[in-house]
Amino acid sequence: MGNVNPDYETLKLVLILSGSMIGILLLIVGYFVKKVFSDQDSEIDEIKTTHRLEITEISKYHKEQMEKLSGMIDKVDSTVNSLKTVVNIIKSQQEERDPQMTELLKEHGSRLDEHGERIKAVEVTCNLRHR
């Protein structure tokens with residue numbers, strides 16, 4: 001090839017054309033990059049919305065469960081208080097009965113002692129007569 005010495009106007013024209021082509025290529029690349037990122041942003045927004053809905057549903061579920069649990073705790077509390085009342089009533093009734101039961105047991109004990117003495121007397125009599 002021969003020795004080429006382009007003039008100033010030709011270099012200027014080549015530079016303008018190559019700059020314009022590079023600019024157009026950068027615009028095309030930029031457009032596709034923007035499109036990829038906007039698609040990812042829309043997917044991220046969709047995921048966020050889905051997760052917000054799931055979190056809201058989970059939050060509602062937990063709130064309902066806590067309300068149910070609170071109601072159950074209230075029922076257990078009232079039941080325990082009722083049982084305490086019943087225990088106190090039974091305890092007081094038992095305390096009233098204890099002196100009566102002690103007296104009855106003493107009477108039975110003395111009767112058994114009497115019967116025991118009578119049985120011994122009958123046995124002695126029987127042994128003496130049947131020998």
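All of the numbers you see were taken from the coordinates with simple rules; none came from a lab. If you're wondering where the values come from, they're calculated on a predicted model, not measured in any experiment. A quick note on method: Cβ atoms are made from the backbone with ideal geometry, for glycine too, and the neighbour counts reach across all protein chains shown.
Just to be sure before I move on: is Leu17 surrounded by 10 or more Cβ atoms within 10 Å (Cβ to Cβ), within 31 Å of the chain's Cα centre (by Cα) and of a type outside the set (Phe, Trp, Tyr) in the structure I sent?
Taking the combined requirement at face value, the residue does not satisfy it.
Condition first: at negative phi and either over 42 Å from the mean Cα position of the chain (by Cα) or not in a helix (DSSP H, G or I) (or both). Can you find one or more residues in region 53-65 that meet it?
No.
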